[in-house]
Amino acid sequence: MVNVDRGGHGGQAIPAKMGSLKAIRVLYGQYDVTRRNAEGASLANVTKLRCNETVRIEQARIVALYAQLGQQAAERLMASAIEDLAMHMVAIDAAVQKNQLGAFDDAVTSLIPLARQVGMTKLEQVTRDLRDCMRAQDLVASRAVLARLMRIGDRSLSEVWDLEDMSI
């Protein structure tokens with residue numbers, strides 16, 4: 001069985017043929033791989049895999065927003081977009097966890113154009129990947145891509161805040 005657990009919010013057991021590897025816990029930004037014997041007892045070998053994926057914001061899109069809207073309007077738009085992106089990411093997480101396709105589609109439909117508007121192309125692509133997994137009803141892939149979406153989203157939002165601190 002593979003146990004998928006998002007940071008202590010309860011896991012879901014999923015059958016898998018993985019030899020002696022019996023449990024994987026998916027956590028935000030870090031995977032713990034625990035080997036277990038046939039009785040389910042831990043063999044105490046834990047390998048920590050860190051996901052370190054570079055996120056780049058298309059600064060040209062942000063510069064174009066500032067040129068088109070002016071500094072004050074662009075700053076308001078960016079702050080609003082960041083808040084909305086975070087809200088949609090939370091909604092996507094909840095919808096995937098509860099397998100609610102309607103709520104998921106609503107959140108994805110809102111997140112993709114927002115991410116594109118503020119130059120978060122990787123966030124946009126990972127959201128599309130998650131949508132494909134959900135439509136294929138692939139629970140394992142959906143949970144894995146959801147974890148990636150949360151990592152990329154967090155890093156993308158941080159990157160935009162860092163850009164906002166710099167003069168454009």
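Laboratory data are not the source of any read-out in this text; all were calculated from the coordinates shown. No experiment lies behind these values; they were computed from the predicted model shown. Ideal geometry is used to build each Cβ from the backbone, glycine not excepted, and the neighbour counts take in all protein chains shown.
Taking Val96, is it buried (at least 18 other Cβ atoms within 10 Å of the Cβ), touching a Ser or Thr at 6+ places or on another chain (Cβ under 7 Å), in a helix (DSSP H, G or I) and among the β-branched types (Val, Ile, Thr)? Criteria met by Val96.
Among the residues of segment 101-143, just one is surrounded by fewer than 15 Cβ atoms within 10 Å (Cβ to Cβ), polar (S, T, N, Q) and farther than 30 Å from Leu69 by Cα, namely Gln137.
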